[in-house]
Every structure is written in structure tokens, then in C-alpha cells.
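Data block below; observations after.
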């Protein structure tokens with residue numbers, strides 16, 4: 001009897017394997033030029049899952065020139081359903097899991113295509129030529145993915161991303177406004193300088209005055225007790241093999257400056273900030289929790305330079321008001337990010353591009369649903385809507401950089417759903433598991 005069952009299961013497996021290898025989607029993928037199917041799986045969430053490598057021009061203005069392989073993860077639900085294009089801002093390692101889904105994919109019961117950003121992960125050219133690490137080149141990467149895969153899918157298209165991926169969503173639409181039918185950028189800032197001064201205004205007004213004072217006092221204490229705490233900082237970094245181009249003391253002071261940004265970005269609790277009475281171990285353990293090791297350290301590999309090269313070249317970033325700690329900083333005298341840029345490479349910032357993107361989003365950026373967290377420092381760089389487009393924006397009071405649609409009240413989520421239904425001509429039936437939603 002057991003032998004019969006085993007044989008039956010074997011025949012089922014063979015039949016399923018043969019079907020999957022010759023599925024409708026597999027046949028289509030084999031016709032896509034420059035596409036390599038690295039891996040195929042099935043999972044609980046999707047009918048078919050593919051790890052793909054797409055040969056992309058390094059310079060889209062010279063398609064016959066050098067190329068690189070870009071990692072793409074494709075999850076098939078049903079070809080008639082919507083397609084969520086995730087314009088990842090970093091590497092896409094998380095997408096290697098066959099059942100991985102973005103929030104908007106679940107909401108729309110959609111297909112999903114995640115595209116790793118150029119110069120991140122395995123999507124790196126043979127040589128590091130930063131001339132081709134631009135917003136425009138990345139937008140062309142995403143445009144080409146849309147062009148290649150649109151002939152197969154018959155549903156509406158939505159692009160989305162989180163943080164830098166949310167920025168990338170906006171940039172993609174700026175260059176190719178007709179590629180998708182709607183856009184959902186999460187917590188994506190739009191910055192206008194290498195150190196946008198709007199952040200300084202934000203840190204003077206965010207939260208309560210009492211909380212802001214507690215944060216500042218904690219930073220002052222960290223600097224005043226540097227002699228005692230610096231050895232802990234050095235030990236912790238050495239355990240993880242992290243170094244700083246200008247030395248550990250320089251790194252320590254920069255991380256103390258970073259404390260306020262990180263505190264608000266990830267929604268820490270003002271009541272949990274320890275004071276000197278609780279001892280230096282408690283002080284340092286809390287600091288280490290809020291500002292994890294690794295930020296602004298000397299990059300260990302070429303991917304480690306990519307973000308800051310883009311920030312200093314194209315989309316800007318934030319800085320620190322070091323005047324607030326006059327007399328307490330010994331190593332950091334002037335704020336700039338030269339110490340985390342590639343040695344010997346000159347990076348020129350182009351402020352005009354972000355102004356053009358901003359103008360497009362305000363005047364022509366239809367069918368955008370923007371999501372922000374109210375306490376997230378990047379919310380100070382949120383897209384300012386003028387009413388010239390039909391875009392909508394939702395800012396969660398007290399929300400952090402982790403803010404998602406699920407965190408909003410049920411009534412607000414219904415409003416978002418209605419907008420998406422209107423733009424995509426579909427009916428959304430998804431219901432959040434309420435008990436898992438943090439109030």
C-alpha cells in the first residue's frame with residue numbers, strides 16, 4: 001500500500017514539475033532578450049516565483065556599450081491581476097524568499113516584481129564607474145523592466161518603494177510618467193540640498209519641548225563622558241570589524257550627533273531616555289540601542305559607498321547643527337560627508353534635478369498615494385501637494401519611518417483603498433488582521 005502511495009506522489013510531482021517548467025509564464029520569460037532564469041520556486045503566496053537576472057545597459061544612452069546584470073524577483077499571482085513594481089532603493093536580498101510580499105501587493109492581491117537598484121547587491125557593473133550611478137539611469141532600468149514584462153501581464157501597474165525606494169518610485173514616474181497607473185511611495189523624502197536646512201527646523205519643533213530637551217541633554221552627557229564611554233564604542237565597533245576613516249573618536253562624536261535623528265526616525269520613547277543617575281552602563285547601552293553600529297563607518301565593500309554617492313550627487317541628505325555642542329566636540333569641527341565617499345573621486349551635487357522632480361509631482365503627479373510618519377525626520381521633506389494634481393497624502397500622527405498603511409485607523413485605510421480602487425478600476429477586498437496592528 002505504501003509503495004502505491006509513494007508512486008502516486010511521485011507521478012504527481014513529475015506532472016507538476018513538467019507543468020511548471022512549461023508554464024505560460026515560463027514560456028514568456030524564455031522569449032525576453034537578455035534574461036536569465038537563475039531560480040524558480042513555488043510558495044504558499046504565489047503560483048510561481050522566479051529569481052531573474054536581466055542584462056541592462058550600463059548607460060541607457062549607449063545601449064550597445066557596457067552592460068551589467070540586474071537582479072529581478074518575479075512573483076506570479078495571476079496574469080490578469082495588478083502588477084506591483086517595487087523600485088527598490090538598495091539591495092533586494094529580502095526578496096529571495098519565495099513567499100515575500102510587500103504590503104501593497106497583499107492589499108491588491110497582485111503580482112509582484114522587485115528590482116534591485118543598480119550598484120547594490122549583485123546588480124553591480126564590473127568596474128565602479130559612478131558616472132552611471134544616476135537617478136536617470138536607474139529610472140531607465142525600471143522603465144526597461146516595465147517594457148519587457150508588460151506584454152505578459154494584462155492588469156494595471158503600480159510602482160512602490162520604501163524610504164529610498166519611495167524616492168526611486170517618484171523618480172521613475174518623473175522620467176516615465178506613463179509606465180504605471182498609480183504610485184504608492186512610503187516615507188520617501190524629497191530633499192533639496194546636501195544638508196537640507198529644513199531638517200534643522202524639524203528638530204527644533206518635533207515632539208514636545210520636554211522630550212527635545214531630554215534628547216539634547218543625553219547627547220551632551222555622551223560628549224561630556226566621552227573619556228569614559230569611548231572605550232566601549234571602540235570595543236563594540238572592533239567586534240564587528242567596523243572602522244572610521246578619521247578614527248574612532250571622530251566616529252563616536254558623529255554617532256552622538258546622529259542620536260537625535262535616529263531617535264525620532266524609529267519612534268523611540270522619550271520616557272525611556274536614561275539619565276546619569278542610572279549609571280554609565282545604562283547610558284551607553286541605550287545609546288547603542290538607538291544608534292546601532294555600522295552607520296557612517298568605513299565601507300567594507302563597494303556597495304557601502306553607493307548610497308552616499310547618490311545622496312551627495314543627486315538627491316541630497318541631512319546634516320547636523322554642531323553649533324549646539326560648542327566646546328564638547330574635539331574631533332568633528334565641520335560637518336560634511338567626505339569621509340564616507342570614495343577616496344579620490346569628486347562628487348558634484350546637482351540641485352536643479354530635485355526642483356524639477358518636485359515641480360512635476362506637484363503639477364502633474366496624478367495617482368500618487370504618499371505615506372509618511374509624523375515624527376519621522378524625513379516627513380520634514382515630504383512632498384508638498386498644491387492641489388494641482390489628484391495626488392493624496394497621509395501622515396500618521398506620531399508615526400516613524402516604519403509607518404505603513406496598516407498603522408492608520410480603519411477609516412483612513414478605507415479612504416486609501418477607495419483612491420486605489422478609483423485609479424486602478426478594481427475592487428479591493430483585503431482586510432488587515434486587526435489584532436496584529438499596533439495602535
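Can you find a residue in segment 229-236 that is at pLDDT 95 or above and farther than 20 Å from residue 298 by Cβ?
So in segment 229-236, the residues at pLDDT 95 or above come out as 229-236.
Then keep just the ones that are farther than 20 Å from residue 298 by Cβ; that gives 229.
Within segment 229-236, one or more residues are at pLDDT 95 or above and farther than 20 Å from residue 298 by Cβ.
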Residue 289 vs. criteria under 30 Å from residue 383 (Cβ atoms) and in a helix (DSSP H, G or I): no
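Residues 420, 369, 353, 361: which one is surrounded by 16 or more Cβ atoms within 10 Å (Cβ to Cβ) and outside any helix (DSSP H, G or I)?
Details: 420 fails: outside any helix (DSSP H, G or I); 353 fails: outside any helix (DSSP H, G or I); 361 fails: outside any helix (DSSP H, G or I).
When all the criteria are applied, what remains is 369.
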Residue in segment 162-169 that is surrounded by fewer than 23 Cβ atoms within 10 Å (Cβ to Cβ) and in the same structural domain as residue 367 (by TED's automatic domain parsing) present: yes
Exclusive hit being more than 30 Å from residue 53 (Cα to Cα) and either at pLDDT 95 or above or touching a strand residue (DSSP E or B) at 6+ places or on another chain (Cβ under 8 Å) (or both), set 175, 202: 202
Members of segment 259-282 found to be surrounded by 12 or more Cβ atoms within 10 Å (Cβ to Cβ) and assigned to a loop (DSSP other than H, G, I, E, B), listed by number: 266, 267, 268, 273, 274, 275
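Tell me, yes or no, whether segment 292-304 has at least one residue that is in a helix (DSSP H, G or I) and either within 22 Å of the chain's Cα centre (by Cα) or assigned by TED's automatic domain parsing to the domain that holds residue 120 (or both). Full working, then the answer.
Of segment 292-304, the ones in a helix (DSSP H, G or I) are 303-304.
Okay, now just the ones that are also either within 22 Å of the chain's Cα centre (by Cα) or assigned by TED's automatic domain parsing to the domain that holds residue 120 (or both), so 303-304.
Scanning segment 292-304 turns up at least one residue that is in a helix (DSSP H, G or I) and either within 22 Å of the chain's Cα centre (by Cα) or assigned by TED's automatic domain parsing to the domain that holds residue 120 (or both).
Hey, among the residues in segment 402-414 that are without any contact (Cβ under 8 Å) to a residue 40 or more places away in the chain and surrounded by 15 or more Cβ atoms within 10 Å (Cβ to Cβ), which one's nearest to the chain's Cα centre (by Cα)? Working first, answer last.
Filtering segment 402-414 down to residues without any contact (Cβ under 8 Å) to a residue 40 or more places away in the chain leaves 407-414.
Next, from what is left, pick out any that are surrounded by 15 or more Cβ atoms within 10 Å (Cβ to Cβ): 407-408, 413.
Numbers: 407: 18, 408: 20, 413: 22 Å.
My answer is 407.
Condition (residue is farther than 30 Å from residue 310 by Cα and either in contact with a strand residue (DSSP E or B) (Cβ under 6 Å, 6 or more places away or on another chain) or in the same structural domain as residue 336 (by TED's automatic domain parsing) (or both)) applied to segment 237-247: is it met by at least one residue? Even if it seems obvious, please write down each step before you answer.
Filtering segment 237-247 for residues farther than 30 Å from residue 310 by Cα gives none.
Looking through segment 237-247, none of the residues is farther than 30 Å from residue 310 by Cα and either in contact with a strand residue (DSSP E or B) (Cβ under 6 Å, 6 or more places away or on another chain) or in the same structural domain as residue 336 (by TED's automatic domain parsing) (or both).
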Any hit, segment 120-133, residues being surrounded by 20 or more Cβ atoms within 10 Å (Cβ to Cβ) and out of contact with any helix residue (DSSP H, G or I) (no Cβ under 9 Å at 6 or more places or on another chain): yes
Among the candidates 178, 196, residue that is outside any helix (DSSP H, G or I), closer than 29 Å to residue 103 by Cβ and free of Cβ contacts under 8 Å to residues at least 12 places away in the same chain: 178
Search result, residues across segment 223-258 that are within 22 Å of residue 334 (Cα to Cα), part of a helix (DSSP H, G or I) and out of contact with any helix residue (DSSP H, G or I) (no Cβ under 8 Å at 6 or more places or on another chain): 224, 227, 254, 258
Any hit, segment 424-433, residues being closer than 20 Å to residue 107 by Cβ and touching a strand residue (DSSP E or B) at 6+ places or on another chain (Cβ under 7 Å): yes
Residue match in segment 352-373 (condition: in contact (Cβ under 8 Å) with a residue 24 or more places away in the chain, in the same structural domain as residue 105 (by TED's automatic domain parsing) and over 29 Å from residue 178 (Cβ atoms)): yes
Among residues of segment 374-400, those that are without any contact (Cβ under 8 Å) to a residue 12 or more places away in the chain and either within 19 Å of residue 159 (Cβ to Cβ) or not in a loop (DSSP other than H, G, I, E, B) (or both), counted: 0
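Is it the case that residue 220 is more than 24 Å from the chain's Cα centre (by Cα), surrounded by fewer than 18 Cβ atoms within 10 Å (Cβ to Cβ) and more than 25 Å from residue 299 (Cβ to Cβ)? Before the answer, list the steps.
Details: more than 24 Å from the chain's Cα centre (by Cα): yes; surrounded by fewer than 18 Cβ atoms within 10 Å (Cβ to Cβ): yes; more than 25 Å from residue 299 (Cβ to Cβ): yes.
Spelling it out, residue 220 is indeed more than 24 Å from the chain's Cα centre (by Cα), surrounded by fewer than 18 Cβ atoms within 10 Å (Cβ to Cβ) and more than 25 Å from residue 299 (Cβ to Cβ).
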Evaluation of residue 408 against (1) out of contact with any helix residue (DSSP H, G or I) (no Cβ under 7 Å at 6 or more places or on another chain); (2) more than 25 Å from residue 191 (Cβ to Cβ); (3) at pLDDT 95 or above (one fails), failing number: (2)
Residue satisfying all of: in segment 311-334; closer than 20 Å to residue 380 by Cα and in a loop (DSSP other than H, G, I, E, B); farthest from the chain's Cα centre (by Cα) among these: 321
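Checking the condition modelled with pLDDT of 95 or more, more than 30 Å from residue 374 (Cα to Cα) and either touching a helix residue (DSSP H, G or I) at 6+ places or on another chain (Cβ under 6 Å) or surrounded by 14 or more Cβ atoms within 10 Å (Cβ to Cβ) (or both), which residue from 296, 328 passes?
Working: 296 fails: more than 30 Å from residue 374 (Cα to Cα).
Just a single option satisfies the conditions, and that option is 328.
Taking residue 228 as the residue in question, decide whether it is touching a residue at least 40 places away in the same chain (Cβ under 8 Å), on the phi < 0 side of the Ramachandran plot, exposed (fewer than 13 other Cβ atoms within 10 Å of the Cβ) and not assigned by TED's automatic domain parsing to the domain that holds residue 398. Lay out the reasoning, then the answer.
Values: touching a residue at least 40 places away in the same chain (Cβ under 8 Å): yes; on the phi < 0 side of the Ramachandran plot: yes; exposed (fewer than 13 other Cβ atoms within 10 Å of the Cβ): yes; not assigned by TED's automatic domain parsing to the domain that holds residue 398: yes.
Judged against the criteria, residue 228 is a match.
With the structure loaded, tell me whether residue 213 is at pLDDT 95 or above and either outside any helix (DSSP H, G or I) or in contact with a strand residue (DSSP E or B) (Cβ under 7 Å, 6 or more places away or on another chain) (or both) or whether it fails that test.
On the way: at pLDDT 95 or above: yes; either outside any helix (DSSP H, G or I) or in contact with a strand residue (DSSP E or B) (Cβ under 7 Å, 6 or more places away or on another chain) (or both): no.
Against the criterion (at pLDDT 95 or above and either outside any helix (DSSP H, G or I) or in contact with a strand residue (DSSP E or B) (Cβ under 7 Å, 6 or more places away or on another chain) (or both)), residue 213 does not qualify.
The values are calculated or read from the model by the stated rules, or taken from the named source; none is laboratory data. Predicted, not measured: the structure shown is a model, and the values here were computed from it. Ideal geometry is used to build each Cβ from the backbone, glycine not excepted, and the neighbour counts take in all protein chains shown.
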